[in-house]
Amino acid sequence: MIINNWYVAAQSSDVVDFPYRTRMLSCDFVLFRNNDKNIVCLSDVCCHRGGSLGRGACLNGRVQCPYHGWEFGSDGRVELIPSLGPDAKIPRRARVDSYPVEERYGLVWVFLGDMPEAERPALPELLPEYGDETTWRMTRLQRDWNVHWGRLKENLADASHLFLVHSFGKHLSPEMEIFPVEETEWGVRIPQTYGQKPDENSQTAVNAPKAKVQRDKSSVLIEISVIGMIQKNTQLMSSGYNQIIWNALTPIDETHTRHYNLHFRNFQMDAKHDESMKKTIDWGLQEDADVIDFLQPPMTPRNFSDEMFIEPDGPEKAYREKALKLGRELGTIDWRRKRDIAMEKTLVIPSPARREGGSWLHDTVPLL
Ligand code: FES
Ligand SMILES: [Fe+2]
């Protein structure tokens, strides 16, 4: 699991009047809104004696620990210790890590790492379609997987399983056309064009109203970003029926992943089709789960020679290489050592304030 990266921590609508507790990179976090209604993300573990702040309350724009009532402000510092009284001097160590937060696409993004703002990788803007309600109808889906994030991410980049695993892929040829993979600053992109005629019998074509814009060729653009753990699939079909499948993955721990999906379509734009569209997407994801839940080893191997890559696996291989490279640059958690230590010691993801020094109660996660 990579630190110094942006991860979706919640839907914006999850963070309302009470603390929202969530687990990312095998550590716990609490989200709440301060008095300015801005979302704050703190390490969940109280620096007093280990209470879970996410199980506490929102009070005076702060979060209150449910055990002895210490109140934490937006910067993670304790602002009130009830047992010492309101005028007591608060010890400097009485603080937890506070992480940078950005709201985008109705999602709460948190930067889990200690890089100062100037050095931080920027979340790539891969979704200019968001908010364009004239062209697109959007649905939102969230799903938890019992798989390692790398296994899921590679599955989303993998086109050679579609003909076999998916009911929507039954008409596809198993033989793959190979398209060059381009490396980008944040990951990889694979532009593809197909010359075939639109499939008149596809469910979409049958159910959809007549498309306005038809093209000679269909194009599919796959963009995979390690930064933000995003995968976007833009399908502009010769039939004129277009869709965009956008995914962001957040590792919960080594073998569980939270998946945020935004789906855009330019057909069946009426809201009454939303539920059936979501069911169709979820059905497809379940078809993946029925296969990838059983992959061995559970985590993506770090050695390429532990698996066989053939030419059609190019996108997955390029993505894995990029993830390993950025993981080395940004920092990768040593899960073995973390697991050993974490039974009797709280380990947290370092936040930017750690670079300013000072004394902290909790140690940070060991890195490879
Ligand atoms: S454990 Fe949080 S206030 Fe005591
Ligand atoms: Fe799939």
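Here is a list: 332, 250, 255. Which entry is of a type in the set (Ser, Thr, Tyr), more than 28 Å from residue 216 (Cα to Cα) and out of contact with any Leu (no Cβ under 9 Å at 6 or more places or on another chain)?
Details: 332 fails: out of contact with any Leu (no Cβ under 9 Å at 6 or more places or on another chain); 250 fails: out of contact with any Leu (no Cβ under 9 Å at 6 or more places or on another chain).
Testing whether each residue is of a type in the set (Ser, Thr, Tyr), more than 28 Å from residue 216 (Cα to Cα) and out of contact with any Leu (no Cβ under 9 Å at 6 or more places or on another chain) leaves just 255.
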Exercise for the section: Would you please list the contacts, defined by Cβ atoms under 6 Å and residues six or more apart or on different chains, that run from a residue in region 48-70 that is among the aromatic types (Phe, Trp, Tyr) to a residue that is within 6 Å of ligand 1 (Cβ to nearest atom) and modelled with pLDDT of 95 or more? Expected result: 67/51; 70/48
Exercise for the section: Please work out which residue is nearest to ligand 1 (Cβ to nearest atom), limiting yourself to region 131-172 and to residues that are touching a strand residue (DSSP E or B) at 6+ places or on another chain (Cβ under 7 Å) and open to solvent by 60 Å² or more (accessible area, probe 1.4 Å). Expected result: 144
Fill in the blank from the handout: With the first residue restricted to region 289-307 and required to be touching a residue at least 24 places away in the same chain (Cβ under 8 Å), and the second required to be outside any helix (DSSP H, G or I) and aromatic (Phe, Trp, Tyr), Cβ contacts under 9 Å at 6 or more apart or on different chains are 289/145; 292/145; 293/145
Exercise for the section: Output yes when any residue across region 215-222 is surrounded by fewer than 16 Cβ atoms within 10 Å (Cβ to Cβ) and either at pLDDT 90 or above or assigned by TED's automatic domain parsing to the domain that holds residue 106 (or both), and no when none is. Expected result: yes
Fill in the blank from the handout: The correct count of residues that are under 20 Å from residue 96 (Cβ atoms) and not charged (D, E, K, R) in region 332-342 is 3
Handout entry: Filter pass, residue 275 being outside the structural domain of residue 23 (by TED's automatic domain parsing), assigned to a helix (DSSP H, G or I) and farther than 30 Å from residue 132 by Cα
Key = no
Exercise for the section: Examine region 358-365 for a residue that is in the same structural domain as residue 51 (by TED's automatic domain parsing) and in a helix (DSSP H, G or I), and state whether such a residue exists. Expected result: no
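The values are calculated or read from the model by the stated rules, or taken from the named source; none is laboratory data. Owing to the predicted nature of the structure, the values given are computational and were not obtained by experimental measurement. Cβ atoms come from the backbone with ideal geometry, glycine included; neighbour counts cover every protein chain shown. Just so you know, the surface numbers come from the protein's heavy atoms only, side chains and all, with ligands and any DNA or RNA stripped out. Shrake-Rupley method; radii C 1.70, N 1.55, O 1.52, S 1.80 Å.
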